[in-house]
Structure formats: structure tokens, C-alpha cells
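Chemist: Structure incoming, see below.
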Amino acid sequence: MSMRMRVLVALAVIFSPSSAFAEGLSPRIRSNPHRFDSPQHFAMEFRMGPYRPDVDGEPGLTSKPYNTVFGESKSLYIGGEFDWQAVRIPYVGTLGPGFSIGYMSNTTTAPFKTARTDGAASSSTTSLEVIPIHAIGVFRADVLWRDLQIPFVPYAKGGFAMARWRASGDNGTDGYNGVPSKGTVYGYHVAGGLMLSLNWIEPHTARNFDQTLGVNGTYLFFEVYTTSLTSSFKDQPLYAGTTSWTAGLAFEF
Amino acid sequence: MSFLTRARWLWLQIVTSMVLMSAVAVADPTITLRETDTIPPLRSIKERSSGSATKYNYGVNRSDCDNDLTYTYTASFASWTTTGYNFEVWAGTVDCKDTANRGIGGSAQRCWQVVSASGDARTGSQSITVRARDVVAHLGESSIAAGTLYSTASSDVCSSTSGKDAIEVTLYFMIVKTSDSASAAAASVPLYVDLVGPTAPEITDIGIKDGVLQVNWSTTTTTSDSGGTSVNPDVLKYKVWFTPKRGEPGTSGSTWDKTCANIAWTNDSTDASADADAGTGSDADVDATADADTGSGDAASDAVAVDASDAGSEAAVILPDTTSGLDYVDDISATSSSVDVTGLTNDVVYTFVLSAVDKMENVGASSSAKCTYPSDTLGFYETYRGAGGQAGGGFCSTGYGAGSGVMACGIGLAAIVAWRRRRRS
């Protein structure tokens, strides 16, 4: 046995499922957990994470308006992604197009322009909403999990990104000298992450999930990404992109 | 003629007399009643016990009483061919067919007449009109003087609301024998009477926004036997009045000190009719205050002068919808405890009062008045533009810098069309 094979075997032992679950499976399934899987063509992700649009990174600004209004806080981003695993590269992984959409909103109290004589506090709110949309290529290197039973699937994504944004206040969408406070920006999106197979933790449940619903694999994932949104049909784009991380649940089916 | 023959003849006479007498008894007049669709006002009132079934289609609220509305019923009479009967209409919360409840024989009278008695024989269908004030005239009285007959009730019966809160009154349309006042025939119909509005809510604070003031209040609640509180089931909605109206200049800047120390909202307890009397002589105290504070306060103070008589009690108060100085927000849900009054002008002082409205559309006593003014605020987008940012305008929208946006849209559409043509070729 070569050194390489020894390392792989050692990793397989370390990450092998608990014996209690493994004992409940037939020898044929234990030898190849994917032998009786249903066909797999798609993936779906549900994700969340912090999001702070890089508004203040826009060149030419004389101050940091996002930081001035919203402070250092980050907003919660929630989103979903749907991938078509169009191509399976043997002993490597899957490759295909994907589409994702998400939403973030940051809302805070809007201060008075001039101080009031009665010292009353403002009840006004101001908010910025961003809906990032990505059309991307997705590569998932599931060889580790499928062929070596190491329950990790690294992946990479990249492609076109756009976002709709809107700033609003008490009276709906804010405006400024007649300019509606909303727009669309374009750019690119790149991401990389790692998925942990939950099938490895609960193989029996996973098999039932596959047999009843056709879900081949369930994963927890962690991803870092950069969405650069610095282009627009308008004169100036709002830099609504960000560099951040996200985590969630993924299904392959 | 033998004794036996005489006895038979006498027996025949007795039987014949009995048959004739019974025939006369059967011929008592009859009355049937149907409500016409012309009876004002038609209200859909939820039965309180079940909270869902509509029990009473018709009722009398404070406004109906103040306005002296009438209720018209159609009664059909039959077999009224002889004298010896009166047509009478009684109201009460007990069985008015019982002579005792009508004070006959010296007993305590508990019902009262709502239409003058008439001895004329009636036939066919006839309209009978009943006044709302007569219906509530003796409601809530512990005793009615025996022998009290119909007399036209005045408006005073409307402002006297004791015992007139959510109670069922029954109208009895009766043909009464003149001999003993017993009811020969009767038809009845219920009327729901509620002259008392919900208790006054209290404005807790007013949130200040840009062109918007958020009025917050404590909802009117009821307390159960176990001590728990819940939203008063009698409350149908809330209504907020404010002044000046949207778009009117009101008072602002240096002409008003903005401390609201000189709120000119009066509770005129001398006028129980509860109508709005902005600008009338009853607002002398308001005028004086406003004059002293601003030197030119007549118009403004008259505008906010609203008769909220009996404020603090449970008497219903009719606040105006269209009085010149007042604007309002209506149909606020009974479960709400705040409302955003929008479309206001920044730095203009607005004064608010609030009332709950019950399911009989009685407007309850108004809250105490509070005032403040909206202020211009600095939102994110204005801050961004102030920092030199130029983004905005939407996708392919018009507006500032629209030229390039429209051009970009045009280029995009042209590219799509060209691409499709190329594919076809």
C-alpha cells in the first residue's frame, strides 16, 4: 500500500460513520453508500449570513454615508440557490449553472435635520434594502464523499451578479431632488466553500430521505464570497456588493 | 207542552247561546307585524353573547336619539269590526302584554306607551311610526307613575343615558280590550338601545416622523371576573381627530412656541348635544387663551374647539367629521394601539384627540388632547447624496441623469433584438 493510499485509508477511518449506524446497513451499502442512490441532477441551498454593502467604498464620496447612518452594524442576509448539475465529471465532481437570490435590509432611526426645542426623539426610520441576484457556474468536487467516503465537498462558484437596491423612509421610497432612491447595479460574484455531508452522520435517515423524496444528499455548508457590484446603466452605481461569509443547508436531488 | 219538551227547548236555547257567544269570542281582532325595509337605520349588530350571530337588525344609538329618528312598522289588522278595543303601542324590557306591567289595577307601571292610543277600528295594512326618543323615554327609570300615558319625549331623554347602555327593548303592538285593558291581540319586535359610547382611551405619546405623526394610545379594555383584561368587545374601531387639516398652514415657527402649553381644545360641558361648535360663542375661554398666547389666535383656536361634552365619562360624544378646522383618521381597528397620520406638514403644530366607537356607532368620550409637530429627518439616501453619491433613479427610469439611463436601456433592447434576428438568420 502506497503512502498516499495509507493516508486516504486513515482519513476514511477517522471520518467513517458511527458503527451503530453502519451496522444497520447491508454490507453492499456500506461498501458503496451511493450504489442505490436515486438519480441526482440538482442542488438547492438555503443560506444566511452577515451582509454589509460596500456603499462607502464608492470612489468620490466625501464621507461614509452608510457608516454615518447605520454605524458599524451588519445586516442579516438570507437567500436561496438552485443549481443544475448538468455535467458529472467522473471521479471529480459536478459542474453546472446556478441561480441564486437573496435579501438584506438595514433599518435604523433617522435623526432630525435640526434639533427640536422640545428635545423629542425621532420615530422616523430609514432603511436600505438590497436584493442580490447571481447567475453563476457551480463546481462541486464531491469525489471525496462519493468515492472515498470523506464527508466533505469543497466547491467553487463564479459568474454574473446584479442587485436591486432601494432606500426608503416613513413615506415610502426616499427621493432626492426628484431622483427615486432605487436602482440596479451589476458586477461579478465569486465564492468558495466547504460542505459537510449529513448523510455521513445519519446514513439510515439519509437513505430513507432518498427513497421517499429523492434527496441524495443533505449538507451543512460554509462559504466565503465576494460580490462586486460597481456597474450600472445609470451615471453612478450604488456599491451594494460585499465580501462576507454565509452558511446554510444544501440538498442534492 | 210537557215538562220534558220544555226542558229540551230550554236546553236547545242554552246550547245555541253558547255557540253564538263562542262565535263572538273567535271574532276578536288580530294583528300581525312585519318590519319594512324603510326603517332607519339598518345596523348589523353582533349579539354580544355569541359574538357572531346578528340578533338585532335595528337599534337606537345616541345619534339616532339626538336626531329624533323614526322607525316605521307595517301592521296588518283583521276582524276588527266592533268597538270595545284600543290600538296601543308599548315599550319595555318586560312583557307588556301583562296588564300589571302597564300599571293596570294600581300595580307598578314598567312599560310605557310610545304611540297615542287609538280606538278607531283598523283594517288592512297600516304604517305605524315610532320615535327613537319615545322608545328610550322611560328606559332606565326605576318606577313609572301608574297611569302614565303617551307624551312626546324631548331631547333630554337622549342625554340622560343611565340604564340605556346595550339593552334590549321590545315594542308591543297591541289591540287592547277597553273593558279590562287585557291584550286581545299583540305582535312584538325587539329594538337594541345603546346610547353609551366606549370609555375614553388615552393618548400615551405621539411619535415624531418626517411629515408623519404616530399617535399611540392605551386601548379600552374590559376586566374579567378572574382579573384578566382583554380588548373591549364593544369597541368597533377608533377614530382620531386632528387640527389643522392636512395642507393647511396652521401655526408654526415663531408664531407658536411649540411647547403645546396653549393647546386650545376645549371640553364644553355646558352643551350636552355634543355637536361641533367651532367658532361659536361657547369657545370664549379658548379664544381668550389663544389671544393671550399668540395675539392672533382666534382662527386657530376656534378651529380646534370641539365640544367633547362629558369627556371622561362614558356618555357618547358626537365629534364632527367635516367641521372646518378638523381632519380625521377613521376605521382604525379595535385591536390597534397606534396609527400613523400621514401627509402632514413639518413644523406645523397638530393637536389630536382620540375616541373609541362602539358597534352601535356611538362615539365614546374623547381622550385628552395632545399636540406636537412633525420634523424633517435625514435618511440614508439624503445622507448618501449629500456625500456626493450619484446613484439612484431606478432601472431604465427617468429623472435625474435620465438621458444616459434611457440610452443604456435603448442599447440593451437593440442588442437583444439584433441577437434574436441573428439567430433566426
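The values are calculated or read from the model by the stated rules, or taken from the named source; none is laboratory data. Computed from a prediction, not measured in an experiment: that's the story for all the values here. Heads up, the Cβs are rebuilt from the backbone with ideal geometry, glycines too, and the neighbour counts pull from every protein chain shown. Ligands, DNA and RNA are excluded from the accessible area calculation, which covers all protein heavy atoms including side chains. Shrake-Rupley method; radii C 1.70, N 1.55, O 1.52, S 1.80 Å.
Chemist: Tell me which of these B:T222 doesn't satisfy, since it passes every other one: (1) closer than 18 Å to B:L354 by Cα; (2) surrounded by fewer than 23 Cβ atoms within 10 Å (Cβ to Cβ); (3) of a type outside the set (F, W, Y).
Modeler: Result: B:T222 fails condition (1) only.
Chemist: Identify, please: which residue in the stretch B:127-174 is among the β-branched types (V, I, T) and closer than 21 Å to B:N86 by Cβ and is, among those, surrounded by the most Cβ atoms within 10 Å (Cβ to Cβ)?
Modeler: Ranking the candidates gives B:V135 first.
Chemist: Counting only residues that are more than 15 Å from A:R47 (Cβ to Cβ), of a type outside the set (D, E, K, R) and more than 14 Å from chain B (Cβ to nearest Cβ), how many does the stretch A:62-99 have?
Modeler: Adding up the residues that qualify gives 13.
Chemist: While we're looking at this one, here's another question. Can we say A:R116 is of a type in the set (D, E, K, R) and either under 30 Å from A:I89 (Cα atoms) or in contact (Cβ under 8 Å) with a residue 60 or more places away in the chain (or both)?
Modeler: Answer is no for this residue.
Chemist: Just name the residue that is least open to solvent (accessible area, probe 1.4 Å) out of those in the stretch B:61-84 that are within 30 Å of B:D234 (Cβ to Cβ) and among the β-branched types (V, I, T).
Modeler: B:T72
Chemist: Which residue out of A:F209, A:F233, A:F221 is at negative phi, of a type outside the set (G, A, S) and in a helix (DSSP H, G or I)?
Modeler: Going through A:F209, A:F233, A:F221 in turn, the sole match is A:F209.
Chemist: Only one of B:G211, B:G207 is outside the structural domain of B:A137 (by TED's automatic domain parsing), assigned to a strand (DSSP E or B) and surrounded by 14 or more Cβ atoms within 10 Å (Cβ to Cβ); which?
Modeler: The conditions single out B:G207.
Chemist: Of all the residues that make up the stretch B:85-119, how many are touching a residue at least 12 places away in the same chain (Cβ under 8 Å), loosely packed, with under 15 Cβ neighbours inside 10 Å and not in a strand (DSSP E or B)?
Modeler: Looking only at that region, the number is 5.
Chemist: I'm told B:V196 meets every condition in (1) within 30 Å of B:S338 (Cα to Cα); (2) open to solvent by 60 Å² or more (accessible area, probe 1.4 Å); (3) not small (G, A, S) except one. Can you identify the failing condition by its number?
Modeler: (2) is the only condition that B:V196 fails.
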